[in-house]
Each structure stands twice: as structure tokens, then as C-alpha cells.
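**Student:** Before I ask anything, let me first share the structure, which is written out below as C-alpha cells.
The values are calculated or read from the model by the stated rules, or taken from the named source; none is laboratory data. Please read all numbers here as calculations on a predicted model, not as lab measurements. Every residue, glycine as well, gets a Cβ built from its backbone with ideal geometry; the counts of neighbours run over all protein chains shown.
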Amino acid sequence: MPEDNSLGERFMQILRAAVLSFCAFMMQPAMADDVETTLENFRTAGAGDFIDDAYGYAVFPSIGKGGIGIGGAHGKGFVYQGGDRTGKVKMNQITYGLQLGGQVYSQMIFFRDERSFDDFTSGNFEFGAQATAVALTASATASTSTGGGGNASAGTDADSNNVSAKEDQYDGRSGMAVFTIAKGGLMYEATLGGQKFKYEAL
């Protein structure tokens, strides 16, 4: 019995490492993406007012996500406040449940005020289990349910609205709004729950 448990645990460790390696591999060709190009893509998709008016934002040009049963995601980005780059940030995520395939996407997190900005840049931040993002397309129309929480796992749903209704897109608890643009691939399940961020000031 103990040997079976040990083998099972070792298999899970190997599987987790393989998933994270797969995600990192998927990201490599897209890492050359420029932040300016990513910002322009989000403007074109309808998030221009957020970029111009938010207290600050984090931008991830490419996040690689993949998995079979157990999934993972990884990405690197930068944080801005008042148009100035204040630091860099890494994101890691492990997910469990029904999922199959891989995806590369861009992600932006907007901070409504100083409190939400400070929460995110405190060093380590994690989205709540129920957190999801607005998936933007060229139509610039989307429904949303955003959620977040500091190092806790709190998450809430927001009202569904057009992306142009800015104030309604911010989560009441976290003060953040999250948008993604898929860059290709297929992912059955794509939530923000469990995304962990490590911020480093410049």
C-alpha cells in the first residue's frame, strides 16, 4: 500500500512538472510580443477607455495555458500606474477538473483605485476560486463576471454588461477588472481562479 501511494504521488509530481513545462514551451514563440502591440490589440477590442482611465493596470502579452485533467498556466508581464511602468509581474496557475488542450492568450488587469493597485502590488496576490474574465473579441462586446481576493480565495460575480459600461466591469470587492484576448488554441475551461501573481518593483 505505501508503495502504491508513493508511486501515485510521484506520478502527480511528474505530471504537474510536465504541464508547466508544456505551458512554458507554448509561450516561447509569443514572448517577443511587444507590450505596445498588446495594448493596441486591447484598444481595438474595446478596452481603450480602461487603458486611459484606470488608476493602473497589469499587462501580460502572452500567457500559455494547457492541460489534460490537471492544467497549468504561466505568464510574465508589467505593471503600470499613471502611464509609467512600476514593476514586473509573474503569473502561475494550477487548475484541476475537466479540461483538454492548450491556449495562448493576452491578459490585462485594470485597477480602479489606489487600494486595488496596492493589493495587487503588495508582493503576492491570488485571484479567488470563482474569478473569471471578460473575453474580448473584435466585436468589443462581452459579458463579465470578475472576482478577486488578496491572498484569500474570495471571489464574486459582477453584473453582465457591455464592455463600454466601465464602472460595472470592476468587481466590487477587489476593485479590479480583467480582460483576455485568445491568441489561438482550444481550452475547455479557462478561469482566473488560482492565478497567483508575484510582483517585483523596478
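**Student:** Determine if segment 109-131 includes at least one residue that is surrounded by fewer than 17 Cβ atoms within 10 Å (Cβ to Cβ) and basic (K, R).
**Tutor:** yes
**Student:** What is the residue count in segment 154-184 for residues that are surrounded by 14 or more Cβ atoms within 10 Å (Cβ to Cβ) and at pLDDT 65 or above?
**Tutor:** 16
**Student:** So, one more: So V59 fits all but one of (1) at pLDDT below 95; (2) closer than 15 Å to M108 by Cβ; what number is the exception?
**Tutor:** (1)
**Student:** Can T38 be described as at pLDDT 90 or above, surrounded by fewer than 22 Cβ atoms within 10 Å (Cβ to Cβ) and under 19 Å from Q195 (Cβ atoms)? Talk me through it step by step, then tell me what you get.
**Tutor:** Details: at pLDDT 90 or above: yes; surrounded by fewer than 22 Cβ atoms within 10 Å (Cβ to Cβ): yes; under 19 Å from Q195 (Cβ atoms): yes.
Answer is yes for this residue.
**Student:** Given the conditions (1) assigned to a helix (DSSP H, G or I); (2) at pLDDT below 70; (3) among the aromatic types (F, W, Y), report the number of the one that F117 does not fulfil.
**Tutor:** Answer for F117: the failing condition is (2).
**Student:** Something else: Answer with yes or no whether G87 is modelled with pLDDT under 90, among the small types (G, A, S) and not in a loop (DSSP other than H, G, I, E, B).
**Tutor:** no
**Student:** Let me confirm something: among V79, V104, which residue is surrounded by 17 or more Cβ atoms within 10 Å (Cβ to Cβ), modelled with pLDDT of 95 or more and closer than 20 Å to I181 by Cα? Talk me through it step by step, then tell me what you get.
**Tutor:** Values: V104 fails: modelled with pLDDT of 95 or more.
Criteria check complete, one pass: V79.
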